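The values are calculated or read from the model by the stated rules, or taken from the named source; none is laboratory data. Quick caveat: nothing in here was measured; it's all calculated off a predicted structure. Methodologically, a virtual Cβ is constructed for each residue, glycine included, from the backbone with ideal geometry; neighbour enumeration extends over all protein chains shown.
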Amino acid sequence: MQRFRSGKPLVIWSTLIAFLTVMVIYLRAQGRLWIAADGDMHFWIGDAYGSDNSQHFLDPYSFSHFLHGVIFFFLLRLLFRKFSLQSRFVGAVMLEGCWEMLENSALIINRYRDATAALGYSGDTIFNSFGDIFSCSIGFLVARYVGWKWSVVLFVAIELFCLWWIKDNLTLNVLMLISPIDAIKEWQIAG
């Protein structure tokens with residue numbers, strides 16, 4: 001636990017705040033709204049294919065962002081062993097923030113529309129992007145406390161649950177962005 005307290009906390013957290021500020025400026029410049037266009041703010045929306053998805057704090061895809069945190073925990077621990085846990089945590093949040101900026105670029109939004117079942121996807125609200133970062137943060141912390149064996153079990157369980165529930169998960173999401181398979185897209189759209 002001493003590793004978590006080591007380092008220069010003021011510099012680490014100031015860097016994170018500066019990064020999140022840049023992220024918000026970028027997202028606004030990309031046309032992302034602060035909250036859903038109808039003015040509603042919900043903590044949770046459970047419909048993965050409805051118009052409210054990616055517009056509120058948490059949604060079914062929050063599970064994928066949680067898994068990002070699990071992956072980032074082990075990746076950053078492997079690559080940056082000498083860094084404090086606090087620094088690696090901030091690194092994970094910044095990696096997730098980079099994904100949020102990329103995910104909400106015209107390039108990825110159009111790719112989602114063309115290659116995946118997310119036909120009407122128009123990007124996240126900033127409120128949802130912070131929910132995604134929150135989910136990633138929780139995933140990072142859970143992985144830290146349960147260790148790699150239980151993290152693998154949790155990862156597989158979440159992937160299978162999401163596959164059953166919304167016919168999508170982190171694995172399919174990556175596959176469909178990189179190398180779309182029409183049969184998977186048709187299966188997902190069939191609901």
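Structure summary
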item	result
Qualifying residue in the stretch 27-39 (condition: outside any loop (DSSP other than H, G, I, E, B) and out of contact with any Asp or Glu (no Cβ under 9 Å at 6 or more places or on another chain))	yes
Some residue of the stretch 123-137 being under 26 Å from Arg28 (Cβ atoms), in contact with a helix residue (DSSP H, G or I) (Cβ under 9 Å, 6 or more places away or on another chain), at pLDDT below 95 and not aliphatic (A, V, I, L, M)	yes
Selected residue (only one of Arg77, Arg88 is in contact with a helix residue (DSSP H, G or I) (Cβ under 7 Å, 6 or more places away or on another chain), within 16 Å of Cys136 (Cα to Cα) and surrounded by fewer than 19 Cβ atoms within 10 Å (Cβ to Cβ))	Arg77
Among residues of the stretch 143-158, those that are of a type outside the set (Phe, Trp, Tyr) and surrounded by fewer than 17 Cβ atoms within 10 Å (Cβ to Cβ), counted	7
Test: residue in the stretch 20-43 that is within 14 Å of the chain's Cα centre (by Cα) and either more than 21 Å from Ser105 (Cβ to Cβ) or at pLDDT below 95 (or both)	no
Given (1) part of a helix (DSSP H, G or I); (2) small (Gly, Ala, Ser); (3) crowded, with 22+ Cβ neighbours inside 10 Å, index of the condition Ser54 fails	(1)
Only listed residue being under 22 Å from Gly120 (Cβ atoms) and touching a strand residue (DSSP E or B) at 6+ places or on another chain (Cβ under 9 Å), chosen from Trp34, Trp44	Trp44
Test set (1) in contact with a Gly (Cβ under 9 Å, 6 or more places away or on another chain); (2) surrounded by fewer than 16 Cβ atoms within 10 Å (Cβ to Cβ) - Arg32 fails condition number	(2)
Members of the stretch 45-67 that are among the aromatic types (Phe, Trp, Tyr) and more than 15 Å from the chain's Cα centre (by Cα)	Tyr49
